[in-house]
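The block underneath contains the structure these notes are about, expressed in structure tokens.
The values are calculated or read from the model by the stated rules, or taken from the named source; none is laboratory data. Nothing here was measured: the structure is a model prediction, and the numbers come from that model. No Cβ is skipped: glycine too gets one built from the backbone with ideal geometry, and neighbour counts run over all protein chains shown.
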Amino acid sequence: MMDVILLTSNFLYSNSLDNIEKIVNEVSVMRFLTDQTTIPVPFILHSGTKQESPLALSPFIPMEYIEHETKMNDPLNTPGLPREQRGVLDPDIAEDKLRRLYAQMADVLLQLSLPALPRTAPHHSSTGERPLPSLPGWSTWELTYAAPVQFSHAPPWWLLIERPEEWAGGVEEWTRVFEARPRTFLQVMQEGEGQKIQRGRLHEGQRLSGAMRRSWEGGDFWVLYALRNSFAFDLVYWLKIDERFWGLVDEG
């Protein structure tokens, strides 16, 4: 017997076309990933509009409930942080624990970088210390979108959990603390790529680790971050981008 969870959208805007389209797109993305990758996503049982839902509340998706002990964020977060405080990667996290978690995340990002869509429009379907567990599933895909391949070339900012513009010590301190994390992340990604190549599931031209390394070392990471995070664009542009392309500003 399968346990089921019911995903609904905001009741206040349940009749809006955007809300209905979001549900349709999320289902399409999850089915596409099930077909194209080995990323563990919940099995979709059905989806429907507000009018089709049992209580006529909102668009809905009944899907498989994935048994889990914790969220991905929890084993990475600094212990003892108040629930209301923004998460930050535990600075004292054991390296082997970090590598195991990063390896699973790296595998997902590598697989997400491989499928190519034949068009730019959305894809629609016709239808305490304990042993560290593996990540059993990835369940939230509502904000997924197709983008230029260069977007996948930047190492993920969330390796520190907290965003650079929200970091208590500022963007420059975030950069200094972050510096070591892509090295670990890209090491385990490179190892995973090598294993896939040996098994014939990947070829050399599909490696992602090299592109991510060049993005961070060359500064393209910040260009892509600013493009994807408009609320941080001004801060990131003046601190990390302007001088790279235009040189030092003559204040005289």
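Does residue 95 satisfy the condition of being modelled with pLDDT under 60 and loosely packed, with under 11 Cβ neighbours inside 10 Å?
On the way: modelled with pLDDT under 60: no; loosely packed, with under 11 Cβ neighbours inside 10 Å: yes.
Criteria not met by residue 95.
For the range 50-76, a residue qualifies if it is surrounded by 12 or more Cβ atoms within 10 Å (Cβ to Cβ) and of a type in the set (D, E, K, R), and the qualifying residues are 50, 64.
Is at least one residue of the range 174-187 part of a helix (DSSP H, G or I) and among the acidic types (Asp, Glu)? Steps first, please.
Looking only at the range 174-187, we keep the residues that are part of a helix (DSSP H, G or I), and these are 174-178, 180-187.
Now drop any that are not among the acidic types (Asp, Glu), which leaves none.
No, every residue in the range 174-187 fails to be part of a helix (DSSP H, G or I) and among the acidic types (Asp, Glu).
Look at the range 220-249: where a residue is outside any helix (DSSP H, G or I) and a partner is of a type in the set (Asp, Glu), sitting 6+ places away or on another chain with Cβ atoms under 9 Å, you get 229/165; 249/242; 249/243.
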